[in-house]
Structures are given as C-alpha cells and as structure tokens.
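One structure below.
The values are calculated or read from the model by the stated rules, or taken from the named source; none is laboratory data. Please read all numbers here as calculations on a predicted model, not as lab measurements. No Cβ is skipped: glycine too gets one built from the backbone with ideal geometry, and neighbour counts run over all protein chains shown.
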Amino acid sequence: MAVAGVEERLPALCRDCFAFAEAPASRRACALCGSLRLVRHAELGTLSIAHIDCDAFFASVEKRDRPELAARPVIVGGSRRGVVAAACYVARLSGVRSAMPMFRALALCPDAVVLAPNFSKYTAAARAIRARMLALTPRMQPLSIDEAVLDLADAEARHGAPAAVLLARFAQEVESGLGLTVSVGLAPNRLLAKLAAGRDKPRGFALIGAAEARAVLAPLPVRVLPGVGPVQERHLAARGITRLADLQALSPAQARALGREGPALVRRAEGEDFRQVVPDGETRSVSVETTLAVDLAEPAALERVLGKLSLKLAERLQAKTLAAGGVVLKLRTGDFATRTRHLRLAVPTGQAPLLLAAARTLLAREADGLTEFRLIGLGAEPLADAALADRGDLAGPVDAGISRGRAGR
Ligand SMILES: [Mg+2]
C-alpha cells in the first residue's frame, strides 16, 4: 500500500536484459538497459502457471522461411477445405481471421499471399519449441500444435530464477533461435494463464494475479470457463446469466438452484481452477466421439457427424505431432450394442479429409439406413509419427485392411 511521500514499489522484469528487481511503480523503462519492455506486477515473483501460445503460428513459420513476405499479408489455407488455417498480423488488419471461408478472406484482403499449409514444417517448428519448454520443466502439457501450459512451480529451485524470468528468456530464445514469436500468460492457474496469454498478442507477456482475478473475469462471457459448452451456455442464458459477473453475484442457494454443477461453476467464475498440468504420457491411441442428440439412421446424416469428428481428430493428432496409421470407427446402436471397425492406411495421415475418407469406407458397411445409432466415435490406431505422414500420392485408405471388432457394450 502506498504511504504518503513514499512511492509504491513493484517487482519489475525487463524482457530484454532479464533484470529482475523492485522498482518504483511509476518506472516505465529498465534502469539497466533502457528497454521499454518492462513488466511490473505485484505477483511477478510468485506466479508459476504459464500458458504459451505461438503468434499466428503457421503464417509466422512461412514468413520466417520467406523473408520477402515479411511486410505482406499472408494467409495459410488449403483449397481443399476452403477456409483460413492461419492469417498473419498484416492480414488480420484487414479483418481476416482463422476459420473464415477463403473467398471472404480474399474479399477483405485481395492482395493477400495465399500459401498451402505445409504441416511437416509446422510440426518440426512445434517440436523445437517444445524441446525448449521441456528444458524448463517436464511439467509441460501441449494443448494444440502451437499452445502449451507449463507448471513452473519448482522452476526457481531448478534454475535459480523465478518463473517470469525463465519465461522471458524462453520467449527470447524462441525468437532468436527459431525466428518465431510467442505470447506468454502467467497466472496462479490454467484458466487465468490462458486468458493472460490472449491479452497482449503478439509477442505478449501478460500476468493475471490472484488479487485481480475476480475483476478481470467479471466482464467476460460464461463460455470462457472450462466445461461451459453451447448447451450450458444456453441453459445459463435462459436464467439471465451471460457474463461471469452474473455468476459471481449469485448467492449459494441460487448457485445450487442452477443444478449439480452450479456451485463449482460459481467458484470457477471467481477464478478458481484446480486443473493440473498433465504432461503427455505414452499415448497409444487418440480418439474423439460424440453422443447424438437424437438417434440417427440416415447415412448422409451420419457422414456429416463424421465430417466434424474427422476435423477434431486431425486437430488432436496435430497437437500431439502424431498421425493415424489406421482409423477406428465406433458406433453404438440405439439398443447400446457397440461396434468397432478398423481400417489400416497405406500411408499414415493427419489430414481430416483422408481420415474422413477412411471413416466413410467403414461407415458404408454399417449404415443400412435402418439401424439407429446413438453414439459415433472416430479414432487413430495405431499411431504414427507425424513426420512419416501424408507422403505425396500414396496417402489414402487401403480397402483390404478392414477388420471387425467384437460387438459389446
Ligand atoms: Mg497461436
């Protein structure tokens, strides 16, 4: 607390020379090197959960490899899906965003340079970044190809510096060593760290401390909370709850009236998050599944669900730098019998359209238009290294490799 005549002092970190010391709260530049990239925060020396997100990852890798494009708007996107996979910050100035249909992106930014994605390059870059994260701590959990969360609680003992200093050094190493930039969020837990990472992009370094968590969360929509999907969002909206402030304002009785999850939801809205950072163990299969809102029998309807699942599965595989050596289709009928069908692939793939093609081959043998299904799952098994995947024209399903799983529950 400030005392009259004595200026408040805050821990400060220089992101260029890594000087870390208490400094007057009004200081804007590093006392040692003069850099303006000074981070000041009361909890700077104690926060230890970090969310790291690469800036415009695919587009940044392309720009790094083609310096002549540095000042140009660059969009990475496959013609196959017809959407933007990544847009650089120059393209974003024109309003281009990820997942936007390509025709719309080009209408907004007609002079954009459009590049086809080169996943083996992105995978190699992601690996190099992860290797540097693992040098900080084994407690690293990848969340997608370009995002991870780190628990640096023991980092001070291990490396003799607070987590914030290690992260600033890490960000600079990634820049100088790999030619890519990251944004760092540092907080007491995963929820707040993720929010912090998004606050100062690109090349960001933001902190959310325990003391301001409640206030930072208050204006945000309920969907930022882990576990709040579209269904829960509608359930809450019907009760007039759209912002986290609405949840924060509930009495314990009102929270219980929201349902079994109510009280936990309110605590999360206050900034509580007990999710641990779980390092990737040995993964033997990767799968996604969905329980249908209504039982479906029509093949075309089932294929649409598979389309979404194949996109999700491709994302999961990319996040783990893995590919599918085979595809497993799981179907549960209306009477709860489970069928699994397996198809080996000639060449491993991590691409959604090829995963979908294999899944459709399997589905065609099961969907007779009469049998109703209540659950559909899609898995990758065996797994393969992403570096071995999607080699030229060889990619595609092998029809001869189909095997049938036992029917069970
Ligand atoms: Mg990113």
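Structural remarks
- Of the residues making up the range 258-313, those that are under 26 Å from residue 348 (Cα atoms) and in a loop (DSSP other than H, G, I, E, B) are 279, 280, 281, 282, 283, 284, 285.
- Checking residue 199 against (1) under 30 Å from residue 130 (Cα atoms); (2) free of Cβ contacts under 8 Å to residues at least 24 places away in the same chain; (3) more than 16 Å from the ligand (Cβ to nearest atom), the condition it does not meet: (3)
- Criterion: away from the ligand (no atom under 16 Å from the Cβ), among the basic types (Lys, Arg), in a loop (DSSP other than H, G, I, E, B) and closer than 30 Å to residue 351 by Cβ - qualifying residue of 104, 27, 72, 97: 72
- Neighbours by Cβ (under 9 Å, 6+ apart or cross-chain): first from the range 221-232, without any contact (Cβ under 8 Å) to a residue 60 or more places away in the chain and closer than 22 Å to residue 199 by Cβ; second polar (S, T, N, Q) and assigned to a helix (DSSP H, G or I): 222/232; 223/232; 225/232
- Applying the condition of being within 18 Å of residue 185 (Cα to Cα) and surrounded by fewer than 22 Cβ atoms within 10 Å (Cβ to Cβ) to the range 118-132 and asking which residue is farthest from the ligand (Cβ to nearest atom) yields 132.
- When the residues of the range 143-181 are filtered to those that are surrounded by fewer than 19 Cβ atoms within 10 Å (Cβ to Cβ) and not in a helix (DSSP H, G or I), the one that is nearest to the ligand (Cβ to nearest atom) is 144.
- Of all residues in the range 222-244, those satisfying the criterion of being surrounded by 13 or more Cβ atoms within 10 Å (Cβ to Cβ) and in contact with a Lys or Arg (Cβ under 9 Å, 6 or more places away or on another chain) are 222, 224, 225, 228, 232, 233, 244.
- Restricting the range 30-69 to residues that are within 16 Å of the ligand (Cβ to nearest atom) and surrounded by fewer than 21 Cβ atoms within 10 Å (Cβ to Cβ), the residue that is farthest from the chain's Cα centre (by Cα) is 64.
Residues are listed down the side, and each one gets a yes or a no for (1) hydroxyl-bearing (Ser, Thr, Tyr); (2) modelled with pLDDT of 95 or more:
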| position | (1), (2) |
| --- | --- |
| 16 | no, yes |
| 19 | no, yes |
| 28 | no, no |
| 31 | no, no |
| 35 | yes, yes |
| 43 | no, yes |
| 51 | no, yes |
| 55 | no, yes |
| 58 | no, yes |
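- Of residues in the range 342-381 being part of a loop (DSSP other than H, G, I, E, B) and within 29 Å of the chain's Cα centre (by Cα), the one farthest from residue 318 (Cα to Cα): 381
- Residue within the range 306-317 that is touching a Pro at 6+ places or on another chain (Cβ under 6 Å), surrounded by fewer than 22 Cβ atoms within 10 Å (Cβ to Cβ) and not aromatic (Phe, Trp, Tyr) present: no
- Qualifying residue in the range 143-165 (condition: modelled with pLDDT under 90 and in contact with a Pro (Cβ under 6 Å, 6 or more places away or on another chain)): yes
- When residue 110 is tested against (1) within 16 Å of the ligand (Cβ to nearest atom); (2) assigned to a loop (DSSP other than H, G, I, E, B); (3) on the phi < 0 side of the Ramachandran plot, only condition (1) is not met.
- Residue within the range 182-194 that is in a helix (DSSP H, G or I), touching a residue at least 12 places away in the same chain (Cβ under 8 Å) and over 28 Å from residue 35 (Cβ atoms) present: yes
This table checks each residue for (1) basic (Lys, Arg); (2) over 23 Å from residue 319 (Cα atoms).
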{"residue": "93", "(1), (2)": "no, yes"}
{"residue": "97", "(1), (2)": "yes, no"}
{"residue": "102", "(1), (2)": "no, yes"}
{"residue": "107", "(1), (2)": "no, yes"}
{"residue": "124", "(1), (2)": "no, no"}
{"residue": "127", "(1), (2)": "yes, no"}
{"residue": "132", "(1), (2)": "yes, no"}
{"residue": "137", "(1), (2)": "no, no"}
{"residue": "143", "(1), (2)": "no, no"}
